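Undergrad: Here you go, one structure.
Computed from the coordinates by the stated procedures, all read-outs in this text should not be read as laboratory data. Being a predicted model, the structure only gives us computed values, none of them experimental. Note that we place each Cβ from the backbone using ideal geometry, even for glycine, and neighbour counts take in every protein chain shown.
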Amino acid sequence: MTAPLLQVRCLRARYGKVPVLHNVDLDLADKSSLGIVGASGSGKTTLARVIAGLLPADAGQIIWRGQDITRLSRAARRDAAVAIAMVFQDPQSSLNPRMPIWQSVTEATILRGTRQGRAALRDQAASLLDLVSLPTAFVDRLPHALSGGQRQRVAIARALCAEPQLLILDEPTSALDLTVQAQVLELLAQLRADLGIASLFVTHDLHVVRRACDQILVLDDGRVVENGEMAAVLDAPTHDYSRRLVAATPSIGKAMDLDQFA
Ligand SMILES: Nc1ncnc2c1ncn2[C@@H]1O[C@H](COP(=O)(O)OP(=O)(O)O)[C@@H](O)[C@H]1O
Ligand SMILES: [Mg+2]
């Protein structure tokens, strides 16, 4: 049997002396999609950042294809072929306002120390923009010339440039209005089907996670209080917090036919 893509064991994290994550466990198989749900401040972003290697773990393990990567530097992660890319909530702050789109999008290639020149990088950026259904002519634009939804597509293209096997999305649609949110969710679903990339999808929105994921993990105050198949958890939440969450989200839960959201 081959090792699962990602295993997190007894993971703890803190800011200064304040513990934020308490013994978090999770498993992710290749090509699968896990939604991480919880109230504001429950530790979702912290968990995403620790797994992405942007924040150190306090204790516990992050295991990538059987290899413990908890304490590897970013360079060592690259050497170990850890293919994780992240998309943040606010594309405004994740894109350099002075950099043309092609340069932002191909950052992963540039960081690998490519010998490709500007023309080749612009070509690569154009195909990545095409992948996220943006006009290839956007390569020479600056971020401010794009709408919020277009900028988030650029951020997704930029993440795809790293050829990730795991995409971590932290509230990727929360800053967008509902129509644009639906379009970006549609794009993510399509990319998932076409490219077979696994994802960790952080959101506070049960509707979003229901559409985007097949597994769900509920965090409450830095602890995992629910973890399982989407339909099973939404149908019969066992923890008090998840019960309230499901109850507070109209049109989700036992009384409803979940297939209407499929
Ligand atoms: N940079 C930081 N420094 C100190 N405390 C932080 C920092 N970021 C988040 N926290 C605290 O950690 C807890 C979890 O935050 P976060 O992971 O951002 O939650 P979520 O993404 O679920 O809203 C909160 O209590 C928050 O106030
Ligand atoms: Mg957050």
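Undergrad: Excluding Thr109 itself, what net charge comes from residues whose Cβ is under 13 Å from its Cβ, given Lys and Arg +1 and Asp and Glu -1? Walk me through the numbers on the way to the answer.
TA: Working: positive: Arg78, Arg112, Arg115, Arg118, Arg122, Arg158; negative: Glu107, Asp123, Glu163.
Cβ neighbours under 13 Å give a net charge of +3.
Undergrad: While we're looking at this one, here's another question. Before rounding to the nearest 500, sum -39500 (n - 2.57) across all DSSP H runs of length at least 4 in the chain and divide by the residue total; then give [θ] at 222 nm in deg cm²/dmol. If you can, show how the numbers build up before the last one.
TA: Details: 11 runs with 96 residues, N = 262.
After summing the helix terms and dividing by the residues of the chain, the value is -10000 deg cm²/dmol.
Undergrad: Tell me, what HN-Hα J-couplings in whole Hz come from the Karplus equation 6.51 cos²θ - 1.76 cosθ + 1.60 at θ = phi - 60° for each residue of region 97-112, using x for Gly and Pro?
TA: So the Karplus estimates, Gly and Pro as x, are x, 9, 9, x, 3, 4, 6, 4, 5, 9, 3, 4, 5, 5, 5, 6 Hz.
Undergrad: Sticking with this one: Expressed in whole Å with the largest first, what are the equivalent ellipsoid semi-axes of region 140-262 derived from the C-alpha gyration tensor as the square root of 5 times each eigenvalue? Mind showing how you got there, number by number?
TA: Numbers: eigenvalues 162, 48, 38 Å².
Sorted largest first and rounded, they come to 28, 16, 14 Å.
Undergrad: Roughly what would the spin-label model give for Arg244 and Arg78, points 7 Å off Cα along C-beta, in nm?
TA: Distance between the two pseudo-spin positions: 4.5 nm.
Undergrad: For region 131-252, what relative contact order do you get, as a whole percent, if you take Cα pairs closer than 8 Å and at least 6 residues apart? It would help to have the intermediate numbers written out before the result.
TA: Details: 108 pairs, mean separation 21.1, N = 122.
The value is 17 percent.
Undergrad: Based on alpha-carbon atoms only, what is the radius of gyration of the chain relative to the globular estimate 2.2 N^0.38 Å? Kindly include the intermediate steps, with their values, before the conclusion.
TA: On the way: Rg = 18.5 Å, N = 262, 2.2 N^0.38 = 18.3 Å.
Computed over Cα atoms of the chain, the ratio equals 1.01.
Undergrad: Express the Stokes-Einstein translational diffusion coefficient of region 6-53 in µm² s⁻¹, to the nearest whole number, given a Kirkwood radius over alpha-carbon pairs, 4 °C and a viscosity of 1.567 mPa s. Could the numbers behind the result be given before it?
TA: Numbers: Rh = 11.6 Å.
Answer from the Stokes-Einstein relation: 112 µm²/s.
Undergrad: Going highest first, how would you order 220-233, 192-205 by mean Cβ packing within 10 Å?
TA: Values: 220-233: 17.4, 192-205: 19.1.
Listed from highest to lowest mean packing, they are 192-205, 220-233.
Undergrad: If you fit an axis through the alpha-carbon atoms of helix 148-161 and take the longest principal axis of the Cα set of the chain, what angle between them do you get, 0 to 90°, nearest 10?
TA: The two axes meet at around 80 degrees.
Undergrad: May I pose another question? Going by average Cβ neighbours within 10 Å, how do the peptides 91-100, 122-131 rank, with the highest at the top? Intermediate values should be presented prior to the final figure.
TA: Numbers: 91-100: 15.0, 122-131: 18.9.
Ranked by mean Cβ neighbours within 10 Å, highest first: 122-131, 91-100.
Undergrad: Can you list residues from other chains, or at least 5 along the same chain, whose modelled amide H is less than 5 Å from the amide H of Val20?
TA: Excluding prolines and chain starts, which carry no amide H, the hits are Ala13, Arg14, Tyr15.
Undergrad: Moving on. Show me the three semi-axes of the equivalent ellipsoid for region 97-189, from the C-alpha gyration tensor (sqrt of 5 times each eigenvalue), largest first, rounded to whole Å.
TA: Numbers: eigenvalues 100, 45, 23 Å².
After diagonalising the Cα gyration tensor, the semi-axes are 22, 15, 11 Å.
Undergrad: Can you tell me which of 14-21, 240-247, 154-161 comes out highest on packing, and rank the rest after it, using the mean Cβ neighbours within 10 Å? Could you put the intermediate results ahead of the total?
TA: Details: 14-21: 13.1, 240-247: 16.2, 154-161: 24.8.
Packing order, densest peptide first, comes out as 154-161, 240-247, 14-21.
Undergrad: Also, quick follow-up: Among residues other than Arg14 whose Cβ falls under 15 Å from its Cβ, what is the net charge (Lys/Arg +1, Asp/Glu -1)?
TA: Details: positive: Arg12, Lys17, Arg49, Arg223; negative: Asp58, Asp221.
So the environment of Arg14 carries a net charge of +2.
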